[in-house]
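The values are calculated or read from the model by the stated rules, or taken from the named source; none is laboratory data. Since the model is a prediction, treat every value here as computed from it, not as a measurement. When we count neighbours, we look across all protein chains shown, and the Cβ atoms used for this are built from the backbone with ideal geometry, even at glycine. Protein only, heavy atoms only, side chains kept; ligands, DNA and RNA dropped before computing areas. Shrake-Rupley method; radii C 1.70, N 1.55, O 1.52, S 1.80 Å.
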Amino acid sequence: MSRRSGILEFAVLGLLRESPMHGYELRKRLNTSLGVFRAFSYGSLYPCLKTLVQQRWIAEEPGSAAEDPLAAPLSGRRAKIVYRLTADGKEHFEELLAQTGPDAWEDEHFGVRFAFFGQTSRDVRMRVLEGRRSRLEERLDKMRASLARTRERLDDYTLELQRHGMESVEREVRWLNELIESERAGRSGDTGGLPRHRGQTPPDPSDDTT
């Protein structure tokens, strides 16, 4: 399984844990709620859903006419399929939520993991946040070292682009520091939830130049 498909499966299971959905509803939530899937198509989603059904982590059920008015008898169209998380799927998703390895810290996967922090235990949230911060601090050190070596050879615009990338990483590190401080202070309960004044959206990793 590719890293991209693994992220997608995780996101689909997490969304279906909230409630059963049509494929169209899933695609809409992936596009609007999870930024990493902005350029996402149903053509990519269908193979994922098929795999999850085969694994018996989700089940297909016929939608009702009330849920899908376009599929009224006179239209000759069938009601859309509704996807529902199974008991095995819920158990599998909880196992995925508990994982805190390096994949959870990478740009794309971290954003998706963070979107489901409300379903994640506090000790796991802490490990993921600290891992992400450590990864970004390493990246920042490399960016600073690279800039110091090449500064004299860069034109003004390239130099500004490099600085912009560093500032983006520095901003996310500050954001992570605030989240970690909040978790350590116990202001976020085991079921998640941040104080209203805290930012709840991860800075976009596409802002940096690495």
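Observations
- The range 96-149, accessible surface, carbon-and-sulfur percent (1.4 angstrom probe): 49 percent
- In this structure, the amide hydrogen of MET21, modeled 1.01 Å from its nitrogen in the peptide plane, lies closer than 5 angstrom to those of TYR83, counting only residues at least 5 positions away or on a different chain.
- Toward the positive end of the charge dipole of the range 78-172, with +1 on the Cβ of Lys and Arg and -1 on the Cβ of Asp and Glu, the farthest Cα among LEU154, TRP105, MET166 is that of TRP105.
- For the range 137-184, the Kirkwood hydrodynamic radius from C-alpha pairs, put into Stokes-Einstein at 4 °C and a viscosity of 1.567 mPa s, yields a diffusion coefficient of 110 µm² per second.
- Taking each residue as 0.36 nm, the span from ALA145 to ASP123 lengthens on full extension beyond its C-alpha to C-alpha distance by 4.6 nm.
- For the range 77-178, the list of trypsin sites (Lys or Arg not before Pro) that fall in a loop by DSSP and count at most 11 other C-beta atoms within 10 angstrom reads ARG77, ARG78.
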